[in-house]
Amino acid sequence: MKTITTIKEIRAALNQEKKSGKRIGFVPTMGYFHEGHLSLMHKAKEDCDVVVTSIFVNPTQFGPSEDFEAYPRDLKNDSKMAEEAGVDYLFLPSVEEMYPGERLTYVNVEKITKVLCGAKRPGHFQGVATVVSKLFNIIKPDFAYFGEKDYQQLVVLKKMVKGLNFDVQIVGVPTVRDKDGLAMSSRNKYLGPKEREAALILNKSLILAQEMVKNGERSSAKIKKSMTKLFEKEPLVNLEYLSICDIISLQEISGIKGKVLIALAARVRKARLIDNIVVEGN
């Protein structure tokens with residue numbers, strides 16, 4: 001694995017790979033790797049000849065009161081894990097490398113960024129779309145891999161790629177969970193033993209919703225009411241939002257018909273966690 005820190009060098013290396021007819025797979029990350037990240041790298045390795053992973057904690061997607069400075073980082077371990085996963089190039093740009101000079105240019109995807117996480121984190125998806133578009137222009141991948149845990153991000157980036165005619169295919173990879181059902185996240189590091197136990201309510205509520213749909217319930221209001229009651233029994237968890245919505249527009253729907261997304265976010269003390277499930281009703 002080759003580690004590169006400058007745009008000029010990574011472009012030169014990947015241009016040579018493309019000249020050789022190699023297919024490039026790209027996994028953009030903010031580091032602090034876990035099995036979820038590795039699943040993206042493994043999928044890229046299956047599909048492509050060359051795998052590039054970037055680690056860049058992007059300041060433009062953090063709000064003023066969010067955890068940019070405290071966001072967990074472990075470059076030494078990340079490098080080891082990436083190499084063991086078969087990554088060919090690890091791109092580690094600095095903030096100055098990615099955002100030279102005054103920041104005047106941004107990419108904004110409308111409408112679908114105003115709901116779910118976007119409603120609580122104004123500017124977040126503008127930061128995501130901007131940095132990912134910059135990385136796409138630098139890496140020029142054939143395929144790019146993102147986790148379905150960040151479902152809204154996946155939808156936003158698919159819209160961005162289509163709207164701006166990027167020549168890259170976005171691939172969603174299923175959420176990876178720990179044995180106890182908690183969706184893997186770098187922010188799980190913030191959880192103590194009691195908080196981690198409490199955080200299991202996110203997945204438990206989604207399983208409850210899935211069972212209700214399987215048993216014939218089609219009312220979004222009734223499903224949300226039952227899920228909310230579960231959260232009310234867990235004092236360490238503060239439910240931020242709970243949405244049953246269209247899988248493409250992300251707009252709220254009143255009833256389950258076809259495939260729909262059930263998405264939620266909650267705070268467990270200082271950790272903000274998200275999770276989701278896609279269910280299907282006749």
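In a simple Cβ point-charge model (Lys, Arg +1; Asp, Glu -1; nothing else charged), the range 2-173 has a dipole of about 540 debye relative to its Cα centre.
With a simple spin-label model that places each label point 7 Å from the Cα along the Cα-to-Cβ direction, the separation between ASN282 and ALA119 comes to 3.2 nm.
Per-residue counts of other Cβ atoms within 10 Å, averaged by peptide: what ranking do you get for 236-242, 71-77, highest first? Provide the component values of the computation, followed by the final result.
Values: 236-242: 17.6, 71-77: 13.1.
Packing proxy ranking, top to bottom: 236-242, 71-77.
Positive-end ranking of LEU202, ASN238, PHE136 along the dipole of the range 129-282, with charges on Cβ about the Cα centre, is headed by ASN238.
Dividing the summed helix terms, -39500 (n - 2.57) for each DSSP H run of n ≥ 4, by the number of residues in the chain produces a 222 nm estimate of -11500 deg cm²/dmol to the nearest 500. This ranking places THR29, THR53 by how few other beta-carbon atoms lie within 10 Å of each, fewest first, which gives THR29, THR53. Projected onto planes of every orientation and averaged, the convex hull of the alpha-carbon atoms in the range 103-230 covers 10.4 nm². Calculated from the structure at hand, Cα extents along the principal axes in Å is found among [x] 56, 38, 35; [y] 56, 39, 38; [z] 51, 41, 34 as [y].
In this label model, LYS80 and ARG187 are separated by 2.7 nm, measuring between points 7 Å along each Cα→Cβ vector. Counting only alpha carbon atoms, the long axis of helix 220-232 and the longest principal axis of the chain meet at about 90°. The phi torsions of the range 20-28, fed into the Karplus equation with coefficients 6.51, -1.76 and 1.60 and a -60° offset, translate into couplings of 7, x, 6, 9, 9, x, 10, 10, x Hz, rounded to whole numbers, with Gly and Pro shown as x.
Karplus-based coupling profile of the range 234-240, in residue order and whole Hz: 10, x, 7, 10, 10, 5, 8, with θ = phi - 60° in 6.51 cos²θ - 1.76 cosθ + 1.60 and x standing for Gly or Pro. Applying the Karplus relation 6.51 cos²θ - 1.76 cosθ + 1.60 with θ = phi - 60° to the range 57-62 yields 3J(HN,Hα) values of 7, 7, x, 6, 9, 9 Hz, where x marks Gly and Pro.
Taking the C-alpha atoms only, the angle from helix 151-163 to the longest principal axis of the chain is near 50 degrees.
For the range 186-281, the convex hull drawn through the C-alpha positions has a volume of 88 cubic angstrom per residue.
Just so you know, all these numbers are worked out from the coordinates, no wet-lab data involved. These numbers come from a predicted model, not from an experiment. Here the Cβ is made from the backbone with ideal geometry for all residues, glycine too, and neighbour counts use every protein chain on show.
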